[in-house]
Amino acid sequence: EGQRVAETCAAAGVKDAALTEILDGAYLEKGRLKEAIKFYNEILEYRPNDKQVWRVLGELYTREENYDQAAKCYQAMFSDDPEVSREVIKRLEELLVKLEGNVFVREILAEIYTRSLKPELAIAKLLEISRLDLEKNDEVIAKLRTTLKSYPGHPQATLALARDHGAIRQGDHV
């Protein structure tokens, strides 16, 4: 009965934190992932920068094994607040454990590592992408060049970029 009242209020446009928690608990308790996902996507319409909503949506998509969508949620969480980069990176790396060959999650991680001032880790992800998808080599090289422009005085990044740029061009994947 409480759930029905909460759903009616939500459908009528009532935007209340307690209501959100009631519905969230009810959906998850009953294993109604699709409804919970729909509900949280609706919340984003009026709270688009709420990293907790993005976090929960990422977790829901992970439970549903929709890993690319989960990755997008974690990426949005990072975009809203770079201070949560450690958590976002951890969650994305956990997705990679489930999806060994996933290029999309690696692309997001490379971007986040670059923005988090971790060029060596960004380079490592880019090189993984080049090994997994040969058609992405030109894109990887362009991103390596961008990284080199962003970190010109970074000796480790410069050496890695020079070595790996040549290796990708020759087709000799490191």
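Bear in mind that the values in this text are calculations on the coordinates, not laboratory data. Here the structure is a predicted model, which is why all the values come from computation and not from measurement. Positions of Cβ are generated from backbone atoms using ideal geometry, with glycine treated the same way; all protein chains shown enter the neighbour counts.
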(Q) Ranking request for peptides 61-74, 126-139, 91-104: highest mean number of other beta-carbon atoms within 10 Å first, then the rest in descending order. (A) 61-74, 126-139, 91-104
**Q.** Shape of segment 38-120, Cα gyration tensor, a/c cut at 1.5
**A.** oblate
Q: Compute the Cα gyration tensor for segment 70-155, then decide on rounded, prolate or oblate, letting a ≥ b ≥ c be the square roots of its eigenvalues: rounded whenever a/c is under 1.5, prolate when a/b is larger than b/c in the other cases, and oblate in all that remain.
A: oblate
(Q) Taking 8 Å as the Cα distance limit and 6 or more residues as the minimum spacing, I'd like the relative contact order of segment 67-129 as a percentage. (A) 29 percent
